[in-house]
Amino acid sequence: MSIDLYSFNKSNYCRAVLMTAKHLDIDLNVIEINPGPEIWSAQFLKVNPNHNLPTLDDKKFVLMKSQAIMQYLCNQYRPDSTLYPREPKARALVDRWLNFDITLMESSKQGVLWKLLTGADPPAEKVLAFKHNLKLFDQLLGDNHYATGAQHLTFADLSLLATTSILLAIQYDLSDCPNVERYLNTLSQELPYFASINLDPFTPESTTEWAASSQKYIKQKMQ
């Protein structure tokens, strides 16, 4: 039996899992789900009553939340991988960045994607919060090639890249955050799977279609 991943290719959480599987050379049967009406279908609710993405089904072992899925794939199938190092301090640095990424992503939804997904201008304080978090990311990153300062890629990088790659897709001005700009440009070229997972889903046509679908769905939910 295959490992099924219910996914949406524009979700940063799903893309982090997809990059993890690619890096660990784990085959996934990716089932693309529209995060609007399809996540409420009876078929999907049988798999995940919490109706969120990504959702992993590994021979009836069902798991949700991207970071939990990433850690499971590594622990179950590639326990010696340096993506999630075993040494406690090295792992703690990865976990710190994973927790920071949650904060960064939530603010980016509000500050960067709000208008795209809702059609309305984002509240000014949300834009400021995103810029603050992005600047903090820049300062914490410093001149590190990889986020933790290790000599190898970790889950921290895959999660952060999935979150911030949208900035490349929409050509966001990163001139005030040179470390983030360097980090994104360097690793996007270094990882052979980066573009197909993180940039290809955001063609102008598909992004316009996604925005229209999202705005329509939100309006229907508000009625």
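Structural remarks
- If you go through the stretch 81-91 and pick out every residue that is in a loop (DSSP other than H, G, I, E, B), touching a residue at least 12 places away in the same chain (Cβ under 8 Å) and over 15 Å from LEU24 (Cβ atoms), you end up with 0.
The rows are residues; the columns are (1) over 19 Å from ASN12 (Cα atoms); (2) out of contact with any Lys or Arg (no Cβ under 9 Å at 6 or more places or on another chain).
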{"residue": "PRO123", "(1), (2)": "yes, yes"}
{"residue": "ASP143", "(1), (2)": "yes, no"}
{"residue": "GLY149", "(1), (2)": "yes, yes"}
{"residue": "HIS152", "(1), (2)": "yes, yes"}
{"residue": "LEU161", "(1), (2)": "no, no"}
{"residue": "ASP176", "(1), (2)": "yes, no"}
{"residue": "LEU199", "(1), (2)": "no, yes"}
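- Looking across the stretch 5-64, the residues that are hydroxyl-bearing (Ser, Thr, Tyr) and buried (at least 19 other Cβ atoms within 10 Å of the Cβ) come down to TYR6, SER7, SER11, TYR13, THR20, THR55.
- Within this structure, ARG96 passes the test of being outside any loop (DSSP other than H, G, I, E, B), touching a Ser or Thr at 6+ places or on another chain (Cβ under 9 Å) and surrounded by fewer than 16 Cβ atoms within 10 Å (Cβ to Cβ).
- Scanning the stretch 53-74 for residues that are over 20 Å from the mean Cα position of the chain (by Cα) and not hydrophobic (A, V, I, L, M, F, W, C) turns up ASP58, LYS59, LYS60.
- Pair list, Cβ < 8 Å and 6+ apart or interchain, from the stretch 29-55 residues that are touching a residue at least 60 places away in the same chain (Cβ under 8 Å) to residues that are not basic (Lys, Arg) and not in a helix (DSSP H, G or I): ASN34/PHE8
- Selection of the stretch 100-113 for residues being exposed (fewer than 15 other Cβ atoms within 10 Å of the Cβ) and either part of a loop (DSSP other than H, G, I, E, B) or modelled with pLDDT of 95 or more (or both) yields an empty set.
- First in the stretch 104-124 and under 19 Å from TYR217 (Cβ atoms), second anywhere and of a type in the set (Gly, Ala, Ser) and exposed (fewer than 14 other Cβ atoms within 10 Å of the Cβ), Cβ under 8 Å, 6 or more apart: TRP114/ALA120
The values are calculated or read from the model by the stated rules, or taken from the named source; none is laboratory data. Treat the numbers as computed from the prediction; the structure is a model and nothing was measured. Positions of Cβ are generated from backbone atoms using ideal geometry, with glycine treated the same way; all protein chains shown enter the neighbour counts.
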